[in-house]
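In what follows, a single structure is set out as structure tokens and then discussed.
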Amino acid sequence: MTGEKLRNWTPDDPANLQPKLQIGNYVESAGFAVPLRFETFDDALDSVRHGGAIIVRSESPYDYSGPSGLLSSHVISSESIVAGKRLQSFFPSLPDEQGLVMGEAAILPFRGTDKAGAGIHDLQEIIIGKSLERQPAETLKLLSRLNLHEPAAKRYMEVTQDRRLLDSAESCFSFWEYIPGTNVTLVADDVMSNNYHLVGSNRIDLQQFGAIVNGEGSVKRYTSLAPLLANQHALEDMVRVYEGIRELPPFTPGDCPLMELQVDAKGHIWFLQYHKGRQYRPAPAELSEDDYPTSEGWIRLDAVRGAIGALTTVKAAVSYPPGYGTGRFSPLPLTEEASLGFKHDSGLHEALAHRRTAYVSGRGFAGVYDGMSNGHELASQWFKPQVSVAYDATRHNIIPAPLHNAMAEITARGDHMARVALDLATDGREGFLRLNPDIEQPIISDV
């Protein structure tokens, strides 16, 4: 993408079928470091044959401003090829690969046990193990067809009735050089100026960490003191790169994007992805702790992102999607005022997160920020609603057991949603939460 096409390019054009690649091309043209992109999969595999490593990155029209993380990307290197072949040795009766990717063998017996052992991601790894032994087009065909069985993607399409993901799942990848180092997602706070949320992980030492930093690289709070967090200069550089890209003309002014960066062993910062976030709006007046006494059931929250004001009552769906325990999922409406985040359902969260007023987690600051380093789902839950808050469920029992059990029983029937009324107050700096004292029974609504 060069010349006139580059000057006229916009990231939210629905014709952009490969947003990761197209945004990467644009960001590089503006002078920022971006890993090498290969024209073809065959060119990328040549790099692997000569000792390099690549990422086969899934591409979807949603990757700029829609759901994220619904389709898998794959690292191919000498190590991942060996790992794929080793994994296959545990499954002595694999069917032919055409049957495998059609979902006829989504669960296979694990050698030496009676347990089901192989899922979609195991099968993807096995395919990667043979990627240098077959034609590149055949490997891509196998990976593409497996994409159609990704649980998160299937769930998202079920909830939204939007089938466009099928088009990209069947065809779209881009091919990038893999640069070892620390993978970081950086997000500007959408109400507190000069505040940035940072989550990171390192594939080599398996370290994961989260922090809140300012534009000068000072760490205000962290989950674990990773080497990167001890380097104020590196953090300041990351914020500088983030702000430089964020301010490029095609992107929406005031946007607080989720930006993925890679920091290599020499400290060089590489751009990987720009995902549209919330719009910045200044924080409201500060709350006073005196207005939220513990004697009236209030708890002080352990982490807050976003502002909702002095007091709002939200109806939060708790723990269970409809059909929980029945072996099936029922369609859900595309509105969910709030979610009390016990349930794990990637496709559902990606469909609803940006529509929520509030997301409430019982995992505390460390649980939320360390968890976000594991993938897009938890980051979407935290950064896409108007406000997101966390408390420590091991210290505060917000939902009494009888109420929790009643909600689970209602939801398990599969035809109703059970919600609970929560009082919430946040100003972007701190917040307070309680069970609404006037509505102590489940709020039941049709699916």
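The values are calculated or read from the model by the stated rules, or taken from the named source; none is laboratory data. What you see is a predicted model; the values in this text were computed from it and never measured. Every residue, glycine as well, gets a Cβ built from its backbone with ideal geometry; the counts of neighbours run over all protein chains shown.
Taking the stretch 418-429, which residues are crowded, with 18+ Cβ neighbours inside 10 Å and out of contact with any Phe, Trp or Tyr (no Cβ under 9 Å at 6 or more places or on another chain)?
Kept after step one, since they are crowded, with 18+ Cβ neighbours inside 10 Å, are these residues of the stretch 418-429: 418-428.
Passing the criteria: 419, 420, 421, 422, 427, 428.
With respect to residue 411, is the statement that it is in contact (Cβ under 8 Å) with a residue 40 or more places away in the chain and either closer than 30 Å to residue 372 by Cα or assigned by TED's automatic domain parsing to the domain that holds residue 197 (or both) true?
Numbers: in contact (Cβ under 8 Å) with a residue 40 or more places away in the chain: yes; either closer than 30 Å to residue 372 by Cα or assigned by TED's automatic domain parsing to the domain that holds residue 197 (or both): yes.
Judged against the criteria, residue 411 is a match.
With respect to residue 188, determine if the residue is surrounded by fewer than 13 Cβ atoms within 10 Å (Cβ to Cβ), in contact (Cβ under 8 Å) with a residue 60 or more places away in the chain and of a type in the set (A, V, I, L, M, F, W, C). Give the derivation first.
Numbers: surrounded by fewer than 13 Cβ atoms within 10 Å (Cβ to Cβ): no; in contact (Cβ under 8 Å) with a residue 60 or more places away in the chain: yes; of a type in the set (A, V, I, L, M, F, W, C): yes.
In short, no.
Every residue in the stretch 276-312 that is surrounded by fewer than 18 Cβ atoms within 10 Å (Cβ to Cβ), of a type in the set (Gly, Ala, Ser) and assigned to a strand (DSSP E or B), please.
Of everything in the stretch 276-312, those that are surrounded by fewer than 18 Cβ atoms within 10 Å (Cβ to Cβ), of a type in the set (Gly, Ala, Ser) and assigned to a strand (DSSP E or B) turn out to be 309, 310.
Yes or no: the stretch 416-429 includes at least one residue that is without any contact (Cβ under 8 Å) to a residue 40 or more places away in the chain and within 27 Å of the chain's Cα centre (by Cα).
Keep residues of the stretch 416-429 that are without any contact (Cβ under 8 Å) to a residue 40 or more places away in the chain, which gives none.
No, every residue in the stretch 416-429 fails to be without any contact (Cβ under 8 Å) to a residue 40 or more places away in the chain and within 27 Å of the chain's Cα centre (by Cα).
Considering only residues that are part of a loop (DSSP other than H, G, I, E, B), in contact with a Phe, Trp or Tyr (Cβ under 8 Å, 6 or more places away or on another chain) and either of a type outside the set (A, V, I, L, M, F, W, C) or without any contact (Cβ under 8 Å) to a residue 40 or more places away in the chain (or both), which ones fall in the stretch 17-38?
35
Could you grab me the full set of residues in the stretch 131-152 that are of a type in the set (Gly, Ala, Ser), part of a helix (DSSP H, G or I), buried (at least 18 other Cβ atoms within 10 Å of the Cβ) and at pLDDT 80 or above? Spell out the reasoning first.
First, pick out the residues of the stretch 131-152 that are of a type in the set (Gly, Ala, Ser): 131, 137, 144, 152.
So of that shortlist, the ones also part of a helix (DSSP H, G or I) come out as 137, 144, 152.
From what is left, the residues that are buried (at least 18 other Cβ atoms within 10 Å of the Cβ) are 144, 152.
Answer for the stretch 131-152, where residues must be of a type in the set (Gly, Ala, Ser), part of a helix (DSSP H, G or I), buried (at least 18 other Cβ atoms within 10 Å of the Cβ) and at pLDDT 80 or above: just 144.
Looking at the stretch 430-447 only, could you name the residues that are surrounded by 14 or more Cβ atoms within 10 Å (Cβ to Cβ) and more than 23 Å from residue 368 (Cβ to Cβ)?
Taking the stretch 430-447 first, the residues surrounded by 14 or more Cβ atoms within 10 Å (Cβ to Cβ) are 430-436, 439, 442-443, 447.
Result: 436, 439, 442, 443, 447.
Can we say residue 193 is touching a strand residue (DSSP E or B) at 6+ places or on another chain (Cβ under 7 Å), among the small types (Gly, Ala, Ser) and touching a residue at least 40 places away in the same chain (Cβ under 8 Å)? Can you show your working first?
Values: touching a strand residue (DSSP E or B) at 6+ places or on another chain (Cβ under 7 Å): no; among the small types (Gly, Ala, Ser): yes; touching a residue at least 40 places away in the same chain (Cβ under 8 Å): yes.
Criteria not met by residue 193.
I need the full set of residues from the stretch 198-244 which are free of Cβ contacts under 8 Å to residues at least 12 places away in the same chain and either of a type in the set (Gly, Ala, Ser) or more than 24 Å from residue 367 (Cβ to Cβ) (or both), in order please.
230, 240
Given the conditions (1) farther than 22 Å from residue 387 by Cα; (2) surrounded by fewer than 19 Cβ atoms within 10 Å (Cβ to Cβ); (3) free of Cβ contacts under 8 Å to residues at least 40 places away in the same chain, report the number of the one that residue 254 does not fulfil.
It fails just one condition, (1).
Filter the stretch 193-210 for residues that are among the hydrophobic types (A, V, I, L, M, F, W, C) and crowded, with 22+ Cβ neighbours inside 10 Å; which is farthest from residue 77 (Cα to Cα)? Can you show your working first?
Looking only at the stretch 193-210, we keep the residues that are among the hydrophobic types (A, V, I, L, M, F, W, C), and these are 198-199, 204, 206, 209.
Restricting the remaining residues to those that are crowded, with 22+ Cβ neighbours inside 10 Å gives 198-199, 209.
On the way: 198: 28, 199: 25, 209: 25 Å.
Result: 198.
Residues 121, 50: which one is modelled with pLDDT of 80 or more and surrounded by fewer than 18 Cβ atoms within 10 Å (Cβ to Cβ)?
So the residue among 121, 50 that is modelled with pLDDT of 80 or more and surrounded by fewer than 18 Cβ atoms within 10 Å (Cβ to Cβ) is 50.
Residues of the stretch 405-421 being more than 24 Å from residue 433 (Cα to Cα) and at pLDDT 75 or above, which ones?
409, 410
Answer yes or no: is there a residue in the stretch 63-77 that is in a helix (DSSP H, G or I), closer than 14 Å to residue 274 by Cβ and assigned by TED's automatic domain parsing to the domain that holds residue 148. Explain how you work it out, then say what you get.
Just the residues of the stretch 63-77 that are in a helix (DSSP H, G or I), to begin with: 63.
Keeping just the survivors that are closer than 14 Å to residue 274 by Cβ gives 63.
Restricting the remaining residues to those that are assigned by TED's automatic domain parsing to the domain that holds residue 148 gives 63.
Yes - at least one qualifying residue is present in the stretch 63-77.
Out of (1) of a type in the set (Gly, Ala, Ser); (2) farther than 23 Å from residue 190 by Cβ; (3) touching a helix residue (DSSP H, G or I) at 6+ places or on another chain (Cβ under 9 Å); (4) surrounded by fewer than 24 Cβ atoms within 10 Å (Cβ to Cβ), the odd one out for residue 353 is which?
(2)
Is it true that residue 179 is out of contact with any Ser or Thr (no Cβ under 7 Å at 6 or more places or on another chain), in a helix (DSSP H, G or I), on the phi < 0 side of the Ramachandran plot and touching a residue at least 40 places away in the same chain (Cβ under 8 Å)? First the steps, then the outcome.
Numbers: out of contact with any Ser or Thr (no Cβ under 7 Å at 6 or more places or on another chain): yes; in a helix (DSSP H, G or I): no; on the phi < 0 side of the Ramachandran plot: yes; touching a residue at least 40 places away in the same chain (Cβ under 8 Å): yes.
Criteria not met by residue 179.
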